[in-house]
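Asker: Have a look at the structure that comes next, please.
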Amino acid sequence: MSETPMPNVTSEDDAVLNGVDEFLIEKESFKPEAYRVQLPNGNFSDWTYGYGFEFKGDEQTRVQEGDTITKEEARPLLRQKTQRIHEFFKKYPAYEQMTPAQKVGVISFGFNNGINVFDDPDNPNIRGALDSGNMDNIQYWMRQFMRDSRGQIVPGLVNRRNDEVRLMNDPTYLTNPFDDGRNPSAESEITGP
């Protein structure tokens, strides 16, 4: 069975969503069978499968022990989840002004931490950074989210935040797929009657 191909790109939103899906597929290890992770306090996380999904496609039914998912089933579910995160961030005017690469980094951060982190009163700095639109501030506060529940730095989260920020600062990542680099007015001036 082959993996589900990326959807066609017909807009900047499509390019952003394709970019974040590819980034997440690279960063999130795929697990076809439901699993739980033991937390530092000895408890276990909720059941998860696929690319870290705790909920099925209806966003209400939790993954249960024994549930399975294929990569072909997980790809559209990933798109559904990244689309929801992308739409959530559109309420922030600064998000609408970001480059596609910056949006990919912010969506990845939201996927990894949960979008509720931006509305949580315990996290006013990340929300304030996003409200301000100051990319240095946004990236600084994103990098503060790399500790476990005991306050210990987690190397995997350090790597993830660094990768998100590196991608957000890469001017060649996700350039406009509809811009062929030509200036139509200058082209038309050259090709006169």
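The values are calculated or read from the model by the stated rules, or taken from the named source; none is laboratory data. These numbers were taken from a predicted model, which means no experiment stands behind them. Here the Cβ is made from the backbone with ideal geometry for all residues, glycine too, and neighbour counts use every protein chain on show. SASA here: full protein model, heavy atoms, side chains in, ligands and nucleic acids out. Shrake-Rupley method; radii C 1.70, N 1.55, O 1.52, S 1.80 Å.
Asker: Within segment 107-138, can you find the residues that are open to solvent by 10 Å² or more (accessible area, probe 1.4 Å) and of a type in the set (Ser, Thr, Tyr)?
Answerer: Within segment 107-138, SER132 is the sole residue that qualifies.
Asker: Related question: Please state which of the following conditions ALA15 fails to meet, knowing it meets all the rest: (1) open to solvent by 60 Å² or more (accessible area, probe 1.4 Å); (2) in contact (Cβ under 8 Å) with a residue 60 or more places away in the chain; (3) outside any loop (DSSP other than H, G, I, E, B).
Answerer: (1)
Asker: Taking TYR51 and the conditions (1) hydroxyl-bearing (Ser, Thr, Tyr); (2) surrounded by fewer than 18 Cβ atoms within 10 Å (Cβ to Cβ); (3) touching a residue at least 24 places away in the same chain (Cβ under 8 Å), which numbered condition does it fall short on, given that it satisfies the others?
Answerer: Only one criterion is unmet by TYR51, namely (2).
Asker: Mind listing whichever residues of segment 82-94 are touching a residue at least 12 places away in the same chain (Cβ under 8 Å), over 15 Å from GLY19 (Cβ atoms) and in a helix (DSSP H, G or I)?
Answerer: ARG84, PHE88, PRO93, ALA94
Asker: Related question: Just one of the numbered conditions (1) at pLDDT 95 or above; (2) among the hydroxyl-bearing types (Ser, Thr, Tyr); (3) within 21 Å of GLN144 (Cα to Cα) is not true of TYR92; which one?
Answerer: (1)
Asker: Which one of these is open to solvent by less than 90 Å² (accessible area, probe 1.4 Å) and in contact (Cβ under 8 Å) with a residue 40 or more places away in the chain: VAL165, VAL158?
Answerer: Values: VAL158 fails: in contact (Cβ under 8 Å) with a residue 40 or more places away in the chain.
Result of the check over VAL165, VAL158: VAL165.
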